[in-house]
Amino acid sequence: MSVPESVHQRLTEAFIEGDVEVAEAITTEALEAGVDPLGIINEVMVPALTEVGNRFQTGEYFLPELMMAGEAAEKASKLLEDAIVASGQASEPLGTVVVGTVEGDVHDIGKNIVVTMLRAHGFNVVDLGRRVAPSAFTDAAKENNADIIGMSSLMTTTRPAIQNTVNLFEELGIRESYQLIAGGGSVTGDWATEIGIGYSEDAAGAVELCKQLMDAPSN
């Protein structure tokens, strides 16, 4: 069942306004009515959170609005992910991805979208949250037998934290055991290539990149 216009409009507004209770209630209502959870993610959540990110970039929204929208998305995501599992759309995980916003950066809208979409497409995702230290990435990689490590950085002042994380993987001698990727407003494809990691400019691309990396020969 595609997303009805009434659900689409109300849920979009709830995400954009960061109304956690309303987002949770409408998501529950839609799922009980038989609306496809993947449709909600792709048709409503991703566009709405992209709009929130755009408003932040243009100065219309500030950090509180960004974090409220992220919380609303997080609550809805849990319901959607549970529905996907219950419907049997999720099967054996395609791989394990450790994801986090790097040290010093509190922005997680983009990261949350990536986490939700990866889970919806069959990946096991370990979400480390915001302000993740390099050592937390390496510890989680080892503890969860991860395949891919995804780092997000919105602010240019925190981009060096990606390099620091890559450096720590190298110092520990485990760099070749994992695929490292990054994204976010501060990251460019050229810079990612320069430091030897993967890159995607959006969440849909991140999903495809992870699928490609899982199909690639291991190091």
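Bear in mind these aren't lab numbers, they're just calculated from the coordinates by the rules spelled out. The structure presented is a predicted model; accordingly, all values stated were derived computationally and were not measured. Methodologically, a virtual Cβ is constructed for each residue, glycine included, from the backbone with ideal geometry; neighbour enumeration extends over all protein chains shown.
Brief remarks follow.
- Inverse of mean 1/r across different Cα pairs in the range 96-215, Kirkwood, Å: 13.7
- Helix 159-171 and the long axis of the chain differ in direction by around 50°, with both axes built from C-alpha atoms.
- Mean Cβ count within 10 Å, highest first, over the residues of peptides 103-116, 145-158, 58-71, 126-139: 103-116, 145-158, 126-139, 58-71
- Between helix 134-143 and the chain: long-axis angle, C-alpha atoms, 0 to 90°, nearest 10: 80
- Net charge dipole, the chain: roughly 420 debye, given to the nearest 20, about the Cα centre with Cβ charges of +1 for Lys and Arg and -1 for Asp and Glu.
- Within the range 133-162, backbone nitrogen closer than 14 Å to the virtual label 7 Å beyond the Cα of residue 191 toward Cβ: 151-162
- Here the chain is treated as a sphere whose radius is the Kirkwood value from Cα pairs; by Stokes-Einstein at 25 °C and 0.890 mPa s it diffuses with a coefficient of 140 µm²/s.
- Most positive-pole-ward Cα, 33, 47, 6, against dipole of the chain from beta carbon charges: 47
- The separation of the range 166-185 from the range 43-95, counted between C-alpha centres, amounts to 26 Å.
- Potential lengthening between residue 65 and residue 13 on full extension [0.36 nm per residue; Cα-Cα distance subtracted]: 17.4 nm
- Normalised by the number of residues in the chain, the average gap of Cα pairs under 8 Å and 6 or more apart makes the relative contact order 17 percent.
- Cα lying deepest toward the dipole's positive end in the chain, options 61, 76, 197, charges on Cβ: 197
- Among 95, 15, 122 - extreme Cα towards positive end, dipole of the chain, charges at beta-carbon: 95
- Dipole in debye (nearest 20) - the range 5-87, about Cα centre, beta carbon charges: Lys, Arg +1; Asp, Glu -1: 180
- Relative to the longest principal axis of the Cα atoms of the chain, the long axis of helix 63-87 makes an angle of roughly 80 degrees.
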